[in-house]
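Throughout, read-outs are computed from the coordinates displayed, never taken from laboratory work. Model, not experiment: these values are computed from the prediction. Heads up, the Cβs are rebuilt from the backbone with ideal geometry, glycines too, and the neighbour counts pull from every protein chain shown.
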Amino acid sequence: MGSDEDVRKRIERLRKVIRYHSHRYHVLDDPEITDAEYDALMAELRELEAAHPKLVTPDSPTQRVGGEPLPQFEKVEHRRPLLSLDNAFDEEEVRAWERRIRRLLADDADIKYTVEPKIDGLAVALTYEEGRLVQGATRGNGFVGEDVTQNLRTIPAIPLRIPLVGDEPPPSYLEARGEVYMPRDRFEELNRRREVAGEKPFANPRNAAAGSVRQLDPSITLSRPLSIFMYAVGHAQGVTLEGQWEALSFVRQMGFPTAENIQLCDDLEQALALYQKWLDQREALNYEADGVVIKVDSFAQQLALGEGAHAPRWAIAYKFPAHEGVTKLLRIAINVGRTGTLNPYAELEPVQVGGVTISHATLHNEEDIHRKDIREGDTVIVKRAGDVIPQVVGPIKELRTGDEKVFEIPKSCPACRQPVVKPEDEVMYYCINASCPAQLGGRVEHFASRGAMDIEGFGERLARTFVDKGLLGDVADFYYLKAEDLLELEGFAEQSVASLLKAIEASKERPLWHLVTALGIRGVGAVVAQVLVRHFASLGELMAASEGDLEAIDRLGPHTAKSIVGFFSQERNRRLVEKLRRAGVRMRRLPEEAGPQEGPLSGLTFVITGTLPTMSREGAAEFIEARGGRVTSSISRNTDYLLLGQRPGGAKIRRAKELGMPSITEEELHRLVEGR
Ligand code: IVH
């Protein structure tokens with residue numbers, strides 16, 4: 001090969017051709033050349049890059065596996081939450097949903113629906129800057145996911161670089177969302193190989209996909225046959241899209257795959273007919289779909305309908321009937337939940353349902369058991385509804401022998417032998433003994449878990465030991481533990497005691513929503529806790545809120561409001577909070593927990609560097625956020641201003657210069673606020 005310039009051109013040319021054929025193969029499923037031809041192109045590119053390492057770029061097709069194994073995943077805060085979907089299990093529920101949305105829109109609104117398969121995989125968000133993949137994140141809890149960029153780069157259907165459309169460059173910022181899945185045939189093949197190699201096969205394609213994406217070593221992800229279907233645009237800078245149908249066609253243009261046979265329906269009847277069609281061909285698909293998603297097509301209508309805490313109102317997942325199986329119910333047992341509920345469950349003769357072995361199934365409550373007339377010893381139908389805990393549908397009475405036993409809920413708690421109670425308007429029985437070991441173990445474990453107080457190294461086993469040994473009579477006792485008590489425990493030495501105490505100490509500083517989650521209030525998980533903390537600046541304010549105050553919050557329902565007020569009205573829970581406060585646990589929210597406010601700085605992102613004349617950095621961040629702005633720690637193309645103080649960081653200034661980003665002083669910041 002001739003000059004360096006010739007090499008560079010040849011490399012560019014090869015990459016372009018390879019990207020084109022890779023897209024035809026992995027996205028369009030319509031290859032134009034043979035695998036051998038493709039391999040030859042890749043081999044040439046690899047050779048040239050090896051000889052000219054300076055010309056290697058991260059978006060080259062040879063660079064899908066770049067990095068080293070990671071020690072752990074970084075957290076990623078989603079710009080817009082990745083919500084879940086509400087489910088409907090029969091036609092009536094779908095119609096009821098449509099009636100609800102019709103009430104919220106104009107009476108005669110013309111609603112079109114996009115109907116898509118609901119892919120059973122792992123949700124991810126892919127971010128592109130100037131057409132290059134810069135980040136791939138899992139859904140996580142919807143607000144915060146994990147950075148799995150290195151792994152997602154290995155999936156051939158995900159473009160590392162978005163192609164030009166005609167002469168048009170891609171949007172400067174694009175976030176697209178989709179579901180990573182493992183094609184069924186490749187899943188079977190992978191499992192066969194694992195079995196031959198003496199490895200444990202995966203339970204189902206979804207677990208295989210999720211497990212593969214959450215590998216710290218990207219070379220393992222590379223070895224797993226994964227693909228993706230995109231289903232949403234999170235954000236596309238400078239692009240106006242009218243609705244879901246158009247958004248899907250836009251993502252295809254950007255080089256991403258979408259599921260085939262998605263349709264735009266003129267009305268609900270068409271959508272329902274399409275559901276039936278999908279259901280009939282479900283087994284023939286090369287991916288697992290557990291239903292269809294019916295989405296109001298128009299973005300204007302979607303906006304008018306809005307979103308609840310967990311799911312948008314403008315979409316519904318119409319689930320396919322769950323997989324079912326038949327087996328023998330050996331015994332009905334009780335498990336005491338973290339909030340004291342007595343949860344009956346069935347111990348089953350193990351049975352395979354939808355590729356998974358089931359030996360336990362939930363029975364909800366006593367009323368349900370009697371209504372369905374389920375007895376110990378019955379032959380029963382069990383179902384696995386999507387990914388939730390298996391359920392007992394009902395008995396096959398024809399197969400009874402007469403030896404079956406009618407179930408009665410015990411009058412005392414199976415864990416602590418104290419009497420149980422049943423509130424009048426509820427179906428559940430409760431053990432109300434606050435120090436019931438069964439509950440306490442669960443409460444303690446929950447309190448220490450990730451997303452709650454996140455006490456590192458403290459899991460189920462330690463929770464049980466600490467409760468059994470009487471070290472924790474309630475969750476606040478964590479903060480009153482003494483080294484000498486712990487040293488007496490088996491398996492603990494100076495070092496491990498010190499690191500546990502350190503982890504406990506560190507947990508005092510968790511953001512407020514962690515504490516709200518950790519309290520274990522029924523109906524208040526991480527998502528609701530975050531919503532609450534946006535509205536209440538401290539735990540004290542939340543404790544003082546009335547049911548009315550809580551119900552006024554957009555995303556909270558009456559049950560949750562009641563449960564929160566009920567929780568804090570109990571003397572022993574208030575005492576618990578007081579005990580936590582005395583121990584020094586953070587009771588106020590961090591500035592960033594207040595969420596985006598509307599204000600003169602809405603839409604602007606700042607990075608702060610150096611010492612400011614009158615405000616501390618934290619103070620400045622609070623000032624900006626209270627006026628609708630965002631503050632981030634590092635400069636990117638999304639940063640609008642560098643707020644500059646004395647003795648700023650050199651790297652930040654250089655980066656801001658490179659990007660041509662304006663920097664302003666504290667005084668100019670005040671003027672900016674006034675001017676807007
Ligand atoms: S739309 C805000 N469309 O289902 C709307 N989700 O149960 C939420 N999923 O987390 C997403 N196929 O991972 C949408 N065609 C599809 C989908 C889909 C699968 C997943 C997604 C979501 C989960 C909710």
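Once you have a ≥ b ≥ c as the square roots of the Cα gyration tensor eigenvalues for region 1-127, tell me rounded if a/c is under 1.5, and otherwise prolate or oblate according to whether a/b is larger than b/c.
Numbers: a/c = 3.25, a/b = 2.35, b/c = 1.39.
Taking the square roots of the gyration eigenvalues as a ≥ b ≥ c, region 1-127 is prolate.
Positive-end ranking of Leu487, Gln135, Ala656 along the dipole of the chain, with charges on Cβ about the Cα centre, is headed by Leu487. What is the chain by shape, rounded, prolate or oblate, if you read a ≥ b ≥ c off the alpha carbon gyration tensor as root eigenvalues and call it rounded for a/c under 1.5, prolate for a/b larger than b/c, and oblate otherwise? Oblate is the answer for the chain, as a/c is 1.5 or above yet b/c matches or exceeds a/b. Couplings 3J(HN,Hα) for region 179-185, derived from phi with the Karplus relation 6.51 cos²θ - 1.76 cosθ + 1.60 (θ = phi - 60°), are 10, 7, 9, 10, x, 4, 5 Hz, where x marks Gly and Pro. Once backbone amide H atoms are built at 1.01 Å from N, Lys118 has Asp290, Gly291, Val292, Val293 as its partners under 5 Å, excluding neighbours fewer than 5 places away on the same chain.
Between amide H atoms placed 1.01 Å from N, distances below 5 Å from Gly140 occur with Glu146, all of them 5 or more places distant or on a separate chain. Looking at the square roots a ≥ b ≥ c of the eigenvalues of the Cα gyration tensor of region 200-300, which shape do they give, rounded for a/c under 1.5, prolate if a/b is larger than b/c, or oblate? Oblate, since a/c reaches 1.5 and b/c is not below a/b. Loop-resident GluC sites (Glu not before Pro) (DSSP state other than H, G, I, E or B) in region 22-93 with no more than 14 further Cβ atoms inside 10 Å of their Cβ: Glu32, Glu74. Normalised size of region 351-414, defined as Cα radius of gyration per 2.2 N^0.38 Å with N residues, equals 1.20. No disulfide-compatible partner, judged by a Cβ distance under 4.7 Å, exists for the following cysteines of the chain: Cys265. Working note: 222 nm ellipticity from helices only, DSSP H runs with n ≥ 4, each -39,500 (n - 2.57), summed and divided by the residues of the chain, gives -10500 deg cm²/dmol to the nearest 500.
Computed from point charges on the beta carbon alone (+1 for Lys and Arg, -1 for Asp and Glu), the dipole magnitude for the chain about its Cα centre is near 1500 Debye.
The residues neighbouring Ile521, those whose beta-carbon lies less than 12 Å from its own, together hold a net charge of +4 under the Lys/Arg +1, Asp/Glu -1 convention.
Using the Cβ-Cβ distance between Ser412 and Leu330 with R0 set to 22 Å, the FRET efficiency from 1/(1 + (r/R0)^6) comes to roughly 0.45. Proximity of backbone amide H atoms, modeled 1.01 Å from N, is registered between Leu604 and Arg630 at under 5 Å, excluding neighbours fewer than 5 places apart on the same chain.
A DSSP coil position with no more than 15 other Cβ atoms inside 10 Å describes the following GluC sites (Glu not before Pro) in region 256-302: Glu260. In order along region 600-614, the Karplus-derived 3J(HN,Hα) couplings, from 6.51 cos²θ - 1.76 cosθ + 1.60 at θ = phi - 60°, round to x, 9, 3, x, 9, 10, 10, 10, 9, 9, x, 9, 8, x, 10 Hz, and Gly and Pro are given as x. Model label points for Val196 and Leu303, set 7 angstrom from Cα along the Cα-to-Cβ axis, are 5.6 nm apart. Loop-located trypsin sites (Lys or Arg not before Pro) in region 437-493 (DSSP state not H, G, I, E or B) with no more than 14 neighbouring Cβ atoms inside 10 Å: Arg450, Lys469, Lys482.
Rg and Dmax of region 231-378, both derived from C-alpha coordinates alone, stand at 21.4, 64 Å.
Here region 518-573 has an Rg and Dmax of 10.1, 30 Å, counting Cα atoms alone.
For region 523-676, the Cα gyration tensor yields ellipsoid semi-axes of 38, 17, 13 Å (square root of five times each eigenvalue, largest first, whole Å). The Kirkwood hydrodynamic radius of region 323-460, based on inverse pair distances between different Cα atoms, is 16.4 Å.
Only Lys, Arg, Asp and Glu carry charge here, each on its Cβ (+1 for the first two, -1 for the last two); on that basis region 441-599 has a dipole of about 240 debye about its Cα centre. Hydrodynamic analysis of region 334-387 uses the Kirkwood radius over alpha carbon pairs. Inserted into Stokes-Einstein at 20 °C and 1.002 mPa s, it gives a translational diffusion coefficient of 174 µm²/s. Through the Karplus equation 6.51 cos²θ - 1.76 cosθ + 1.60, θ set to phi - 60°, convert the phi angles of region 557-569 into ³J(HN,Hα) values in whole Hz; use x for Gly and Pro. After applying 6.51 cos²θ - 1.76 cosθ + 1.60, I find x, x, 5, 5, 4, 4, 5, 5, 4, x, 4, 7, 7 Hz.
Structure note, pairs Lys422/Lys562; Lys383/Lys562; Lys397/Lys422; Lys9/Lys657; Lys469/Lys502: Cα-Cα distances above 24 angstrom occur for Lys383/Lys562; Lys397/Lys422; Lys9/Lys657. Grab the beta carbon distance between Lys422 and Glu484, set R0 = 30 Å, and tell me the FRET efficiency rounded to 0.05. Using R0 = 30 Å, I get an efficiency of 0.10. Once the gyration tensor of the Cα atoms in region 117-266 is diagonalised, the equivalent ellipsoid follows with semi-axes of 29, 17, 14 Å, ordered largest first.
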